[in-house]
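The structure under discussion appears below in the form of structure tokens.
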Amino acid sequence: MIIGHITGFAFLPVSVIIYLNVFGITKINSIFGINILLIAAIGLILVQAGDIIDSHFHGEKIIVYYIIGILLTIPS
């Protein structure tokens, strides 16, 4: 899905920073005063919302994308 791919690519640096933090290579806890995990959670929500919106444009199984999107957004 186009919107989901764009937001996923935009939040890729956040994922890399979290990965490097876990292994102790960097110690970046916030970007622009916002916690890095909060930024990652917002990114996950945007990717799922993008997938739901894209499913409307492509006429795919909309109800499946709603269920999957909600289930994957809850942990965020």
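The values are calculated or read from the model by the stated rules, or taken from the named source; none is laboratory data. Every value quoted in this text rests on a predicted model; they were computed, and no experiment measured them. So basically every Cβ, Gly included, is an ideal-geometry build from the backbone, and we count neighbours across all protein chains shown.
For this structure, a couple of remarks:
- Residues in the range 10-46 that are in a loop (DSSP other than H, G, I, E, B), surrounded by fewer than 13 Cβ atoms within 10 Å (Cβ to Cβ) and on the phi < 0 side of the Ramachandran plot: Phe23, Ile25, Lys27, Ile28, Asn29.
- Taking the range 20-70 as the range and being hydrophobic (A, V, I, L, M, F, W, C) and closer than 14 Å to Thr7 by Cα as the test, the residues that pass are Ile39, Ala40, Ala41, Ile42, Leu44, Ile45, Leu46, Val47, Ala49, Ile52, Ile53.
- For Lys61, the conditions (1) surrounded by fewer than 13 Cβ atoms within 10 Å (Cβ to Cβ); (2) at pLDDT 80 or above all hold with the exception of (2).
- Enumeration of residues in the range 9-21 that are more than 12 Å from the chain's Cα centre (by Cα) and under 19 Å from Pro75 (Cα atoms): Ile18, Tyr19
- Of everything listed in (1) in contact with a helix residue (DSSP H, G or I) (Cβ under 8 Å, 6 or more places away or on another chain); (2) under 23 Å from Ile74 (Cα atoms); (3) of a type in the set (Val, Ile, Thr); (4) at pLDDT 85 or above, the single unmet condition for Ile6 is (4).
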